[in-house]
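The values are calculated or read from the model by the stated rules, or taken from the named source; none is laboratory data. Only a predicted model underlies this, so the values are computations on that prediction, with no experimental measurement involved. Heads up, the Cβs are rebuilt from the backbone with ideal geometry, glycines too, and the neighbour counts pull from every protein chain shown. Heads up: the accessible areas ignore ligands, DNA and RNA and are worked out on the full protein's heavy atoms, side chains in. Shrake-Rupley method; radii C 1.70, N 1.55, O 1.52, S 1.80 Å.
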Amino acid sequence: MNVTVIGTGYVGLVTGACLADTGNNVFCLDLDQDKIRRLNAGEIPIFEPGLEAIVKRNHEAGRLQFSTDVAASVAHGELQLIAVGTPPDEDGSADLQHVLAAARAIGKHMKSYRVIATKSTVPVGTADKISQVLKDETKAEFAVVSNPEFLKEGAAVEDFMRPERIILGAEDARAIALLRQLYAPFQRNRERIIVMGVRSAELTKYAANAMLATRISFMNELANLSEALGADIEDVRRGIGSDSRIGTHFLYAGAGYGGSCFPKDVKALQRTAAEARRELRVVAAVEAVNETQRHVLAAKIKRRFGERLNGKCFAVWGLAFKANTDDMREASSRSLIADLVGSGARVRAYDPVAGHEARRLFGDSPGVEIVDSGFAALEGADALAIVTEWQEFRSPDFAAIKARLKTPAIFDGRNLYDPAVLRSLGIEYHPIGRKT
Ligand SMILES: NC(=O)c1ccc[n+]([C@@H]2O[C@H](COP(=O)([O-])OP(=O)(O)OC[C@H]3O[C@@H](n4cnc5c(N)ncnc54)[C@H](O)[C@@H]3O)[C@@H](O)[C@H]2O)c1
């Protein structure tokens, strides 16, 4: 099948590559000329495990092309998948300018029937807006489908190849048939497609992210309570996670959620509710708890070293918002670093793959140095703070850490270590919600 994917970011590139890998002819469009140039030169602009090999293989086979040519992209696929960004607007609502611009471009150039499926996360009612934009531009027939994406950065290829569910918000039988054909290779052992109304599909994506964010904020609040009561959140987590109604996934306390999705989607869902004159009190609390939690590591550091941190230097391990990605959008590390530098400290930070992105973001910011190894970050530092749960941080050489730090103290935003082990090594340990 000929498929066009509009936007080659984390979602678009993975979608395009995986669809090409099952034999489709995929045309990936992006307006970012530099990104397209790099992709055509065999460079992968993002870090995503397993992606590079799939992109290379399919690009070389001629099934995956990258271009900035809008007219050619519209001509290519009966199916047009929109995967452009929907960043937060000033009032927290999703900014639809890229989605609607993509729809307008399709409308301007289409000459025959097209299915326009939105993989971007968009508020309820967006499909209607897309339809209106298309009607303004074309007399040709079309169908608009909501096909929200549920892949996780860091496991995006695996998630796309083996999806737990594929949501299709659609009424048009021809469009549903086309998408069933597209997704058939990804659900060979059981049916994963759930067809529903367009508005329900649009809301499902926000509901999923809000629910996941709720679990995190819930655990963070209980972690803070555990500290006050002398309980251990890790024991509590195991205790409640063993209940099959609750389950063990997404039940970890930490330094607050970040990333390109949860913060913006939790905000956008509240805006949608406000526009419908409804209040989402649980979701509002989830966001408020997270706002506080993003500062929890800095608060612990200040309790230990004092409010003013002038002359102090802290090593930070992990900058990406989670492991196995280079994405630093809304990463908790950014709040921590801003808090430390704002209190007069210097920061020496390391991330296994997000160093490049960190240098782009921090540039020459005074007080922040991005270094190329975990041990380089420790040199001359007063203490260590861990923000991302990278594999290489899970069992480090504690003696070497202790030898390099001025104060042997670890502030662990991911609860990676056993408090008893660190105590026996003479390292002060400050995890989240644990009994030390
Ligand atoms: N990143 C994730 O893990 C994830 C998961 C599920 C859903 N989503 C949703 O998917 C959407 C895309 O997210 P992302 O992280 O891939 O974004 P991204 O910022 O990585 O990529 C978006 C791409 O779209 C391009 N673009 C913008 N306007 C365009 C246009 N008119 N024509 C062609 N290209 C255009 C940009 O240049 C950019 O390369 C968002 O709505 C997001 O909420 C993201």
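Within the assembled protein chains, the solvent-accessible surface assigned to residue 238 is about 130 Å², based on a 1.4 Å probe. Per DSSP helix of 4 or more residues, -39500 (n - 2.57); summed, then divided by the residues of the chain. What does that give at 222 nm, rounded to the nearest 500? Calculated at 222 nm, the ellipticity per residue is -13500 deg cm²/dmol. Phi-derived couplings, Karplus 6.51 cos²θ - 1.76 cosθ + 1.60 at θ = phi - 60°, listed residue by residue for the range 421-436: 5, 5, 4, 5, 8, x, 9, 5, 10, 10, x, 9, x, 10, 7, 10 Hz, with x used for Gly and Pro. Across q = 0.10, 0.13, 0.15, 0.21 Å⁻¹, the range 187-274 modelled as identical point scatterers on its alpha-carbon atoms has Debye log10 I(q)/I(0) values of -0.37, -0.59, -0.74, -1.04, in the order of the q list. Taking 328, 161, 211 and ordering them by how much accessible surface each has at a 1.4 Å probe, largest first, produces 211, 161, 328.
For residue 46, what residues show an amide H to amide H distance below 5 Å, using hydrogens built from the backbone and excluding near sequence neighbours? Excluding prolines and chain starts, which carry no amide H, there are no hits.
Accessible area per residue for the range 321-409 is 42 Å², calculated with a 1.4 Å probe on protein heavy atoms, without ligands, DNA or RNA. Stretching the chain fully between residue 391 and residue 365 yields a gain of 6.5 nm (0.36 nm per residue, less the alpha carbon separation). Per residue, the convex hull spanned by the Cα atoms of the range 299-374 measures out at 84 cubic angstrom. Mean separation of Cα pairs under 8 Å and 6 or more residues apart, divided by the residue count, gives the chain a relative contact order of 12 percent. Close amide H contacts of residue 5 (hydrogens built in the peptide plane, cut-off under 5 Å, sequence separation of 5 or more or a different chain): 27, 28, 29, 81.
Peptides 33-39, 71-77 ranked from most to least packed give 71-77, 33-39, packing being the mean of other C-beta atoms within 10 angstrom over each peptide's residues. The number of Lys pairs in the range 110-251 with C-alpha atoms less than 22 Å apart, excluding pairs fewer than 8 positions apart on the same chain, is 10.
What a 1.4 Å probe finds exposed on the range 276-377 is 48% carbon and sulfur by accessible area, rounded to a whole percent.
In the chain, the longest principal axis of the Cα atoms and the axis of helix 51-60 are about 30 degrees apart. Phi angles of the range 19-36 translate, via the Karplus equation with coefficients 6.51, -1.76, 1.60 and θ = phi - 60°, into HN-Hα couplings of 5, 5, 5, 9, x, 6, 9, 10, 10, 9, 9, 8, 7, 7, 4, 5, 4, 5 Hz per residue; Gly and Pro are given as x. The Cα center of the range 37-54 and the Cα center of the range 289-325 differ in position by 32 Å. Beyond 43 Å, how much of the Cα-Cα pair distribution for the chain remains, as a whole percent? Cα-Cα pairs in the chain separated by more than 43 Å: 18 percent. First compute the accessible area of the range 37-100 with a 1.4 Å probe, then give the percent of it belonging to carbon and sulfur atoms. Looking at the range 37-100 in its full context, I get 47 percent from C and S. Within the straight-line cut-off of under 29 Å between alpha carbons, the lysines reachable from residue 435 are 300, 302, 312, 322, 402, 406, sequence neighbours fewer than 8 places apart in one chain being disregarded.
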